[in-house]
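The values are calculated or read from the model by the stated rules, or taken from the named source; none is laboratory data. Since we're looking at a predicted model, the values are computed, not measured. Reconstructed Cβ throughout: ideal geometry from the backbone, glycine too, with neighbour counts over all protein chains shown.
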Amino acid sequence: MAPDEIIARKLNVNGIVQGVGFRPYIYQLACMHQLTGEIANTSSGVAIHVEGSRENIDLFCKCLTTNLPPLAYITGIDEAPDIVRELNAFSILPSTPDLKRSTLISPDVSVCDDCLKELFDPTDRRFAYPFINCTNCGPRYTIISDIPYDRCNTSMKHFVMCDPCQSEYDDPQNRRFHAQPNACAVCGPQVTLHGSDGGLISCENPIERAARFLKEGKILAIKGLGGFHLSVDACHTAAVERLRRRKRRKEKPLAVMSPNLEAICRYASMTSEEKALLTSFRRPIVLLSKKKPCLLSDAVSPRNLTIGVMLAYTPLHYLLMDQEFTALVMTSGNLSEEPIAIDNADALNRLSGLADYFLMHDRQIYLRSDDSLVRHVAGADRVIRRSRGIVPMPVFLRRPLPSVLACGAELKNTVCLISGSRAFLSQHIGNLENSAGYDFFCMTIAHMQRILDITPHFLACDLHPDYLSTRYALEQQQAGMELVRVQHHHAHIVSCMAENRIHGKVIGLAFDGTGYGADGAIWGGEFLIADETGFDRVGHLAYVSMPGGAATIREPWRMAVSCLYSVFGENMQNLDIPLFREIDPKKLTFLQDMVAKDINCPRTSSMGRLFDAVAAIIGIRYTVAYEGQAALELEMLADDGESGSYPFEWLSEDGYQILPHPIIQGVVRDTENGVLPAVVSARFHRTLICMTAALCREIRRNSDLNRVALSGGVFQNALLLNGLIRELSTEGFTVFSQSVVPTNDGGISLGQAVCAAGNRDKSD
Ligand code: ZN
Ligand code: ZN
Ligand code: FE
């Protein structure tokens, strides 16, 4: 065979390869290797036909996966010889309208290096233009109203491209070929600065002026990609405190934004994994360890060893940060638990009491998307809040399932739509306890169904009768949709199994704060044997009273009283612990009575509440300003040099019931003896790790199961997660935990969806 003989080959590439600059990439790669041929979108990816010398085609195939556009994700490539058609060029075939509809929508992408270079190049025609973007970067998910992903279906439809922009858009050799949000200062969106009354502040450079206001300690509302941020200079304590007062956010940590890694170095330390996370195109908030002393104001994350940090991700942010800031507080533009503002008029209306000035623009945000939050723990990146930059990337399941809509949990709500082997989790919707949250929930469901073109065959929701998400599901059921109700902790475990693509029975440890149990009690310290079709509750923390119900979540001292009473009875008030010196004796006696007489005392097996009880007994926190605060402060306090632990004990009637007594007694005795809280905290964590591993061994003996799946909000505790994974692995268990999907209630919708779909489709 002559070496220069012309051959042909076809390649079917599957995955996320549409609408991500993949076709121009292949076009350029083919030209580089002197190949002719064509590329077309298919329903599952793209089909490529190339012609040329065997050597060049081999090289082309080898290079194909090495330098992919950042958003492309290949799940498989099929290669086969093809018939030579003697084509004399390489062309990109237009998509049929049908195929265009099935294209996966990309998440929003931080401004790329090429665009950044142009942004700061005084000779470039887009110099200092805050909406510069290209096929590899810019807004996507947040500006789409319908599919296919064309400019007319985005909020860019109001801007008609000027001639230079249009010719870039039309040229397959250009970085802006079919970049839907393509724009420049002549034809695109503009930034404006407004006072808190909405009045326009006319100035030559609104961004520079906004930066000056920030330096003076003013609060700015800044319109970003997925919504408004409230911003102050993170080094300006008075400004940070004023923002906290106005936003009614007393202690919950605030996220900050910096222009580059050098700036972050001044106040936080980073591992190479954390640097990679920070600089990824998703630009999440990354939880980092604060440096001591920390250059930033203490009010940013008080009493916290960590700080949430992100790099600038839009050109507007870069221009703002270029005015010599180490860090800006960038917290969501809302009043405590409401959804963030996205619309200019709505922002002016809702945030005028909070912000002194508004830096806005006229590119509309169609779909609200908070910043994503990620932490690198126990060898993996753990997504804590899944939103901007990630959504709507699907979770790839191990097999196709029937279409289903899962409505998620009550707090940290997300919803999930399954289509085939793809599970699409929504962006973080948040708290469904208010009507604004519920509206956002309904709107997101409608929007996702439209842009993903999914019509679910049935629905999944929680067992809790009062959740608004349950009520929504019941309404749809009345309209004729079939509904499957999934227990909260079962959903947690199946969520973990789904993202790890495993099936069959596992030992599932679901540790969290609150979830409605199959017996009507509040569960949260659960040992399940589960798969996607069902579960057995083989063990749990023994029930204790939750005096006052939901009030105990805000007041951990109530849980302490409940646990102490269950161990020491009437004698508990004789204990020499700080709790009884700090809390009003009248309140104490009243609560003790409630427990003794079992008035308004739901039962709980919650692990989160056990953390609360211990935090209050050792005197570090009696009430909390935000969810999980007591447990978080208990974790951060732990002395990492301490290796002691307390005894533990379980009953094995009616499943294993772990008794709180030995642990509580140990904590009390240490506290009475003046052992430092840091040491008690370390011993408490160590006890949980040993106890959990011991019970897993016991369950393994009886069930022959060797795989353990960990899920639930308590596993956000790095000390516990790290320690337990290590301990269980040493014992020969295979351990699965969550990383691309939140381990907290943000991951519940995925578990619900897979349980519901798996129940309808038992084909394996
Ligand atoms: Zn770009
Ligand atoms: Zn233009
Ligand atoms: Fe939960």
Q. Can you find a residue in the range 195-204 that is assigned to a strand (DSSP E or B) and surrounded by 15 or more Cβ atoms within 10 Å (Cβ to Cβ)?
A. no
Q) Hey, does the range 85-94 have a residue that's at positive phi and either within 16 Å of ligand 3 (Cβ to nearest atom) or surrounded by 14 or more Cβ atoms within 10 Å (Cβ to Cβ) (or both)? A) no
Q) From the list Asp150, Asp163, which residue is over 24 Å from Phe22 (Cα atoms), among the acidic types (Asp, Glu) and not assigned by TED's automatic domain parsing to the domain that holds Tyr27? A) Asp163
Q) Between residues in the range 286-302 that are touching a residue at least 40 places away in the same chain (Cβ under 8 Å) and residues that are in a strand (DSSP E or B) and among the hydroxyl-bearing types (Ser, Thr, Tyr), which pairs lie under 9 Å by C-beta distance while being six or more apart or on different chains? A) Leu287/Thr306
Q: Mind listing whichever residues of the range 708-750 are β-branched (Val, Ile, Thr) and within 23 Å of Ile418 (Cβ to Cβ)?
A: Val740, Val741, Thr743, Ile748
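For every residue, the table says whether it meets (1) part of a helix (DSSP H, G or I); (2) polar (S, T, N, Q); (3) at pLDDT 95 or above; (4) touching a strand residue (DSSP E or B) at 6+ places or on another chain (Cβ under 7 Å).
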| position | (1), (2), (3), (4) |
| --- | --- |
| Asp536 | no, no, yes, yes |
| Pro547 | no, no, yes, no |
| Leu564 | yes, no, yes, no |
| Met572 | yes, no, no, no |
| Met594 | yes, no, yes, no |
| Leu610 | yes, no, yes, yes |
| Ala615 | yes, no, yes, no |
| Ala631 | yes, no, yes, no |
**Q.** Selected residue (only one of His428, His376, His447 is of a type outside the set (Ser, Thr, Tyr), within 20 Å of the chain's Cα centre (by Cα) and assigned to a helix (DSSP H, G or I))
**A.** His447
Q | Matching residues in the range 319-340 - criterion: being within 13 Å of Ile222 (Cβ to Cβ), among the aliphatic types (A, V, I, L, M) and surrounded by fewer than 24 Cβ atoms within 10 Å (Cβ to Cβ) | A | Leu319, Met321
Q. If we scan the range 560-568, do we find a residue that is on the phi < 0 side of the Ramachandran plot and in contact with a Phe, Trp or Tyr (Cβ under 7 Å, 6 or more places away or on another chain)?
A. no
Q: Among the residues of the range 505-529, write down those that are acidic (Asp, Glu) and under 16 Å from Leu695 (Cβ atoms).
A: Glu526
Q.
I'd like the residue in the range 131-156 that is in a helix (DSSP H, G or I) and touching a helix residue (DSSP H, G or I) at 6+ places or on another chain (Cβ under 9 Å) and, out of all such residues, is farthest from ligand 1 (Cβ to nearest atom).
A. Asn153
Q | Residue pairs meeting the criteria (Cβ under 9 Å; at least 6 apart or on separate chains; first more than 13 Å from Ile105 (Cβ to Cβ), in the range 441-469; second surrounded by fewer than 17 Cβ atoms within 10 Å (Cβ to Cβ) and of a type in the set (Asp, Glu)) | A | His457/Glu482; Phe458/Glu482; Leu459/Glu482; Leu468/Glu433
Q: State which residue is nearest to ligand 1 (Cβ to nearest atom) when the search covers only the range 157-189 and only residues that are more than 32 Å from the chain's Cα centre (by Cα) and part of a helix (DSSP H, G or I).
A: Glu168
Q: Scan the range 633-648 for residues that are within 15 Å of Leu719 (Cα to Cα) and not in a helix (DSSP H, G or I) and jot them down.
A: Ala638, Asp639, Asp640, Gly641, Glu642, Ser643, Gly644, Ser645
Q) Does the range 700-711 include one or more residues that are within 23 Å of the chain's Cα centre (by Cα) and of a type outside the set (A, V, I, L, M)? A) yes
(Q) Anything in the range 386-417 that is assigned to a strand (DSSP E or B) and under 29 Å from Asn136 (Cβ atoms)? List them, or say none. (A) Val395, Phe396, Leu397, Cys416, Leu417
Q.
Just to verify a result, which residue in the range 341-357, among those that are hydrophobic (A, V, I, L, M, F, W, C) and over 25 Å from Cys137 (Cα atoms), is surrounded by the fewest Cβ atoms within 10 Å (Cβ to Cβ)?
A. Ala345
Q) Name the residues in the range 475-533 that are assigned to a loop (DSSP other than H, G, I, E, B) and either without any contact (Cβ under 8 Å) to a residue 24 or more places away in the chain or within 12 Å of ligand 3 (Cβ to nearest atom) (or both), would you? A) Ala479, Gly480, Gln487, Gly517, Asp519, Gly520
Q) Given the structure, is Ala210 assigned to a loop (DSSP other than H, G, I, E, B) and among the aliphatic types (A, V, I, L, M)? A) no
Q | Residue identified as under 16 Å from Ala183 (Cα atoms) and over 26 Å from the mean Cα position of the chain (by Cα) among Pro81, Pro130 | A | Pro130
Q) If you scan the range 649-666, which residues turn out to be assigned to a strand (DSSP E or B), within 34 Å of the chain's Cα centre (by Cα) and not polar (S, T, N, Q)? A) Tyr656, Ile658
Q: Output the residues belonging to the range 742-757 that are under 18 Å from Val506 (Cβ atoms) and touching a Ser or Thr at 6+ places or on another chain (Cβ under 6 Å).
A: Thr743, Gly747, Leu750, Gly751
Q) If we scan the range 667-687, do we find a residue that is under 19 Å from His490 (Cβ atoms) and either at pLDDT below 95 or under 28 Å from the mean Cα position of the chain (by Cα) (or both)? A) no
Q: Kindly indicate whether any position in the range 701-717 is away from ligand 2 (no atom under 16 Å from the Cβ), assigned to a helix (DSSP H, G or I) and among the acidic types (Asp, Glu).
A: no
